[in-house]
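Derivation of every value follows stated rules applied to the coordinates shown; laboratory data play no part. From a predicted model like this one, the values you see are computed outputs, not experimental measurements. A quick note on method: Cβ atoms are made from the backbone with ideal geometry, for glycine too, and the neighbour counts reach across all protein chains shown.
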Amino acid sequence: MTIHLYQPLQPLAADGGAMMRVLIAAGVDKADLIRVVGPSAPLAALWLSGHGYERAVVARVRPGGGARPADAILIGQPCAADELAELLEIAGDVHVDGVVLEQTRQGRGGEEAEALANALGQLGFRAQRRLNDKGRPVFIARRIGFPTARKAA
């Protein structure tokens, strides 16, 4: 008999070094507008602001119509595929070629990663890279267009 110890995932937002590695891997600069969304957003935004990312802001409600699209969106805690659309709605628009950085929940046999890649595709993003930082699976996805553009064509 095999016994597996349950070890909860620490949110990405609670590990500044891991956040920095993910941002660098995604090509996010300190001058970029980063909207941080989710329960761990205040912690992540405080850390980012203290380390030179002065345009990191917490998104609690969808920005107004005249708001500038974000260069990056950070979801700094484990997020399932079915939660993704709601969090991205709160975060607002992302530039074409902008990036979403998301810590995912661990799933057996990669089914969580596959579900997340499908959800990202439906929202107009392409999963570009998957990292594993200290046991935290993190997706980096790029905006490839707007989902509504496909419907109009």
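Counting other Cβ atoms within 10 Å, which trypsin sites (Lys or Arg not before Pro) in the stretch 38-136 have at most 14 and lie in a DSSP loop?
Answer by residue number: 60, 134.
What value in Å³ per residue do you get for the convex hull of the alpha-carbon atoms in the chain?
Residue-normalised Cα hull volume stands at 112 Å³.
Please report, to one decimal in angstroms, the Kirkwood hydrodynamic radius of the stretch 52-96 built from all distinct Cα-Cα pairs.
11.5
Give me, ordered by chain and number, the residues 5 or more places off residue 104 or on other chains with an amide H under 5 Å from its own placed amide H.
79, 138, 139
Can you give the % of DSSP beta bridges in the chain that are antiparallel, to the nearest 5?
The antiparallel fraction comes to roughly 50 percent.
Taking only DSSP H segments of four or more residues, each worth -39500 (n - 2.57), what value at 222 nm results for the chain once the sum is divided by all its residues, to the nearest 500 deg cm²/dmol?
My calculation for the chain gives -9500 deg cm²/dmol from helical runs alone.
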